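Structure record follows, encoded as structure tokens.
The values are calculated or read from the model by the stated rules, or taken from the named source; none is laboratory data. From a predicted model like this one, the values you see are computed outputs, not experimental measurements. FYI the Cβ positions are ideal-geometry reconstructions off the backbone, even for glycines, and counts take in every protein chain you see. Areas reflect the complete protein model, heavy atoms only, side chains present, ligands, DNA and RNA absent. Shrake-Rupley method; radii C 1.70, N 1.55, O 1.52, S 1.80 Å.
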Amino acid sequence: RLRREAAEYYQGHRVPERMEEALNTLFPLRPGDLYGELANYFSKFSKAPVICKLVGRKVLDGVGQPTLEVEIYCTVKNYEKRICSIVMASHSQIPENALPETIEADEKERNDSVHTAVEWVNESLTTMLRDLESTDQCQADKTLGEYFANKVEEKKEIQKREEEEAAKVTPAPASCPPTPVPKQKKGGKPVKKVVEENPIPPAEPAEPVLCGSLAIGGASLAIAKAGATISRVPLYLYIALLKHNQKPPKEMTLPLPMVTLLNCEKSSPTKLKLVKEVMLIPSVELSLKQGIERIQDIQKEMTRLLESSGKMPGPQADSKKGKSQSSSKKAPPPPLKRISHLGCLTKGYDNLEQLLLLMEKACKNIDLELGTDMYLAINCAAHELMDYDKGKYEILTGTFKSPDEMVAMYVEMINNFPFIIALIDPLRKEDREQWSSICCALGSKCYLIAEDAATDTSKLKTDQNMNIAMCSGVVLKYINQTKVSDLIELTGILDGQRHITILGSPDGESLDESLVDLAVGLGARFLKLGGLSRGERVAKYNRLLAIEEELAANGTLREAKLDFIDFAGASQPEEQLPDVLPAPEQD
């Protein structure tokens, strides 16, 4: 009876038939590892791996801040197997000059968020995603999106109850007597009325971040990486297949790197506040490897020029004269030895021309020309410059400009220094009229990019028909509740609206390299990773170099290109021009 049952079981699964096929197929090949080849042959008949659990844990990012790691375990051939893990980058909206209590509150909020995210991953998300095929990204992201939407509604309900309870306890405020209007004295001068002309739009509140939202982005990216591992393809190709409905791309273009050379701290004692980052973009005619090497040469020459201009009485000068330093006075420390969290040198300047002319000199000294061999991008971070009391931007210490004056200043800057081909956040997102003006004036010769001036990624995806301000492109960051499907959908929208996509590295990066694969797979035009120092930054550049080698070896590498958008000469009317800045609140 047992033999009969065994025969029926194996015949029901076509084991004898497939065993015969395997033996007949492999005998002519006579493989060196027969049993290994048999295992490979039968593995194609095994069940697809399914998720059995997710493991979340608290880890530290590149700047020592807590963040989330997500591991994926799948059931593969009846055994539980660890497939991969990812570490989420952390992002803070706290400005450089924030008060200590603000920084302390942000750190507490970050710790609470990571703690909640770990709970979500280890409990709810593991239960919801168990037995799902790791290659079913669409269903995974749908499940994660529904879970997050429910958490948002729970939060709203809790806030509503708290507000109702607080209203019951808090007494009604006492009515204040009306403020007396000063009367004009006889024979005195009339009281002047203060009339505010063209008031600037107030700052829009920051997008709220739900505590624990890191779990959504972390789980989505981890599942994508697991799907790529199971499918035995690189993550960048797996992402490209997801974006193009599983149609393999014939060619792929690497994003151009925006390599941060200098971080100009706005809180430094120097006068220049307009520039936060100075970035180098290599010529499209160079390979990535060649471009990185040239950027390293420029960085070395800039360091030499800046250190020599510091007039440091270092030991090198004395050794040339054969003198020993016997002075008891200590030499001042070199001003360029501090590496910022962005992986670049930190240095302040007194004006923009001083900085740009020094850049030109550094390139000229090593036989490179800005505008031909290398280009510049400047991150202005204009939202950090606004003095709301004056209603103007403070571009230099004590020098203020209105939004309209800022546009005129940028036009003059690009005319004088045409090697600047990208401005990031030249204005606040609230200055929509000036965004339109600057795009029409400079869009044909310079990329006008919104980073902090763009709205949250999830809101960009839901508000596809926003029609207020214009820009050339958007810096997208994989943070919080952003899912892989969100980026795929959003980049498709941006592609269709003549925008360029820039994937950006948040402040608190980790050694995880997935951002580079996302940028390549999504077809991003630029990749903003920071400088060529700090392990978490360099790891991503190394990954980009490895992808370049792989695509070149496969014959699928296509040359990048720089093409600007002529907003002023657009054939469509202005009200139909694409935009990605948030629409104003309706009264």
Legend entry - Search result, residues across the stretch 51-66 that are part of a loop (DSSP other than H, G, I, E, B) and either open to solvent by less than 20 Å² (accessible area, probe 1.4 Å) or not assigned by the TED database to the domain that holds residue 119 (or both): 61
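This table checks each residue for (1) out of contact with any helix residue (DSSP H, G or I) (no Cβ under 8 Å at 6 or more places or on another chain); (2) of a type outside the set (S, T, N, Q); (3) buried (at least 21 other Cβ atoms within 10 Å of the Cβ).
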site: 342; (1), (2), (3): no, yes, yes
site: 368; (1), (2), (3): no, yes, no
site: 402; (1), (2), (3): yes, no, no
site: 422; (1), (2), (3): yes, yes, yes
site: 431; (1), (2), (3): no, yes, yes
Legend entry - Which listed residue, of 452, 389, 367, is outside any strand (DSSP E or B) and at pLDDT 95 or above: 367
Inset, instruction - State yes or no: is residue 496 open to solvent by 10 Å² or more (accessible area, probe 1.4 Å) and either β-branched (Val, Ile, Thr) or in contact (Cβ under 8 Å) with a residue 60 or more places away in the chain (or both)? - result: no
Inset, instruction - Please tell me if residue 486 is charged (D, E, K, R) and touching a helix residue (DSSP H, G or I) at 6+ places or on another chain (Cβ under 8 Å). - result: yes
Legend entry - Residue pairs meeting the criteria (Cβ under 7 Å; at least 6 apart or on separate chains; first closer than 15 Å to residue 557 by Cα, in the stretch 283-295; second of a type in the set (A, V, I, L, M) and part of a helix (DSSP H, G or I)): 288/544; 288/545; 289/545
Inset, instruction - Sort out which residues of the stretch 121-135 are open to solvent by 20 Å² or more (accessible area, probe 1.4 Å), in contact (Cβ under 8 Å) with a residue 12 or more places away in the chain and assigned to a helix (DSSP H, G or I), and write them in order of number. - result: 122, 124, 128
Inset, instruction - Taking residue 117 as meeting all but one of (1) modelled with pLDDT under 95; (2) assigned to a helix (DSSP H, G or I), write down the number of the exception. - result: (1)
Legend entry - Output for the stretch 210-220, where each listed residue is assigned to a helix (DSSP H, G or I) and open to solvent by 10 Å² or more (accessible area, probe 1.4 Å): 214
Inset, instruction - Would you mind telling me which numbered condition in (1) in contact (Cβ under 8 Å) with a residue 24 or more places away in the chain; (2) within 22 Å of residue 68 (Cα to Cα); (3) assigned to a helix (DSSP H, G or I) residue 92 fails? - result: (3)
Legend entry - Which listed residue, of 521, 492, is touching a helix residue (DSSP H, G or I) at 6+ places or on another chain (Cβ under 8 Å), modelled with pLDDT under 95 and over 25 Å from residue 276 (Cβ atoms): 492
Legend entry - Of the criteria (1) surrounded by fewer than 24 Cβ atoms within 10 Å (Cβ to Cβ); (2) within 11 Å of residue 258 (Cβ to Cβ), which one residue 531 fails: (1)
Inset, instruction - Any chance you could count how many residues in the stretch 239-256 are open to solvent by less than 20 Å² (accessible area, probe 1.4 Å) and touching a Lys or Arg at 6+ places or on another chain (Cβ under 8 Å)? - result: 3
Inset, instruction - Kindly indicate whether residue 286 is assigned to a loop (DSSP other than H, G, I, E, B), of a type outside the set (Val, Ile, Thr) and open to solvent by 10 Å² or more (accessible area, probe 1.4 Å). - result: yes
Legend entry - Complete set of residues in the stretch 68-87 that are buried (at least 18 other Cβ atoms within 10 Å of the Cβ) and either in contact with a helix residue (DSSP H, G or I) (Cβ under 6 Å, 6 or more places away or on another chain) or not in a strand (DSSP E or B) (or both): 68, 70, 72, 83, 84, 86
Inset, instruction - Would you be able to say whether some residue in the stretch 95-114 is among the polar types (S, T, N, Q) and buried (at least 18 other Cβ atoms within 10 Å of the Cβ)? - result: yes
